[in-house]
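Comments concern the structure below.
The values are calculated or read from the model by the stated rules, or taken from the named source; none is laboratory data. Please read all numbers here as calculations on a predicted model, not as lab measurements. Virtual Cβ from ideal backbone geometry, glycine too; neighbours counted across all protein chains shown. Remember, those area values only see protein heavy atoms, side chains included, never the ligands or the DNA or RNA. Shrake-Rupley method; radii C 1.70, N 1.55, O 1.52, S 1.80 Å.
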Amino acid sequence: MTEEALNAYLAIVERSVSFEFNSPEYGKLARKIIEMLYSRREQLSDDRVAILMNISTAEARRILQFLSKNNMIGVVKSTTPDYRTEYSWYVDDTVIKQALKKRIELVSSKLSMLIRGLTEGAYYVCPNCHRRYSLDEELAYNGQCPICKVQLIYVNNINEINKITEIIEKLEKYENNI
């Protein structure tokens, strides 16, 4: 695993958890959990993760389940002799590659949707509040932003489409090199 790919993966984990739980501290904690799991290269129960990270089992389980739901961590489900279900969590190169590929696919699809929206016609933008307006709206407001009362600026869709297409191509190239 390249250092660049690992850092990208860790950043995705941290931002996703921070956003989900509305807490930058949770994001940093998730990053530390992932770094610990990746360095240990073994499957650990949520109780063991909690002990090693010196946090509550509930916190560890909450983060691990979110990461699992979003395919950012590996999990093995097993049944104990007393018929309890136990989960063991792990991070390896395969998990990281799959998580990065899924994220690239998601970003690429959203950028493709943005391109489709840009091809629908010309639009104008307010230089102050950055709101977008269609040609019809621009005409209705006499070329002024109804919020800021500033002259709207025409945006050249072709340049934006070309830039977004370049980004999508770079993402596809990066995905093929993972």
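With the requirement that a residue be part of a strand (DSSP E or B) and touching a helix residue (DSSP H, G or I) at 6+ places or on another chain (Cβ under 6 Å), what does the range 61-88 give you? Within the range 61-88, Gly74, Val75 meet the criteria. Contact annotation: residue pairs with Cβ atoms under 6 Å, 6 or more positions apart or on different chains, pairing a residue in the range 29-43 that is aromatic (Phe, Trp, Tyr) with a partner that is open to solvent by less than 80 Å² (accessible area, probe 1.4 Å), are Tyr38/Val91. The criterion of at least 1 residues that are of a type in the set (Lys, Arg) and either closer than 19 Å to Leu111 by Cβ or within 28 Å of the chain's Cα centre (by Cα) (or both) is met by the following strands (runs of 3 or more DSSP E) wholly inside the range 121-178: 132-134.
With the structure loaded, tell me whether Val107 is at pLDDT 90 or above, of a type outside the set (Phe, Trp, Tyr), under 26 Å from Leu67 (Cα atoms) and surrounded by fewer than 15 Cβ atoms within 10 Å (Cβ to Cβ) or whether it fails that test.
On the way: at pLDDT 90 or above: yes; of a type outside the set (Phe, Trp, Tyr): yes; under 26 Å from Leu67 (Cα atoms): yes; surrounded by fewer than 15 Cβ atoms within 10 Å (Cβ to Cβ): yes.
In short, yes.
For the range 122-149, a residue qualifies if it is surrounded by 13 or more Cβ atoms within 10 Å (Cβ to Cβ) and of a type in the set (Val, Ile, Thr), and exactly one does: Val125. Among the residues that make up the range 105-121, is at least one of them of a type in the set (Lys, Arg) and under 30 Å from Arg62 (Cβ atoms)? Yes, there is a match, as at least one residue in the range 105-121 is of a type in the set (Lys, Arg) and under 30 Å from Arg62 (Cβ atoms).
Just one of the listed residues (Thr80, Thr119, Thr94) is β-branched (Val, Ile, Thr), open to solvent by 30 Å² or more (accessible area, probe 1.4 Å) and either without any contact (Cβ under 8 Å) to a residue 40 or more places away in the chain or touching a Ser or Thr at 6+ places or on another chain (Cβ under 6 Å) (or both), namely Thr94.
Let me confirm something: among Ala5, Ala58, Ala30, which residue is among the hydrophobic types (A, V, I, L, M, F, W, C), over 30 Å from Val107 (Cα atoms) and part of a helix (DSSP H, G or I)? Full working, then the answer.
Details: Ala5 fails: over 30 Å from Val107 (Cα atoms); Ala30 fails: over 30 Å from Val107 (Cα atoms).
Residue meeting the stated conditions: Ala58.
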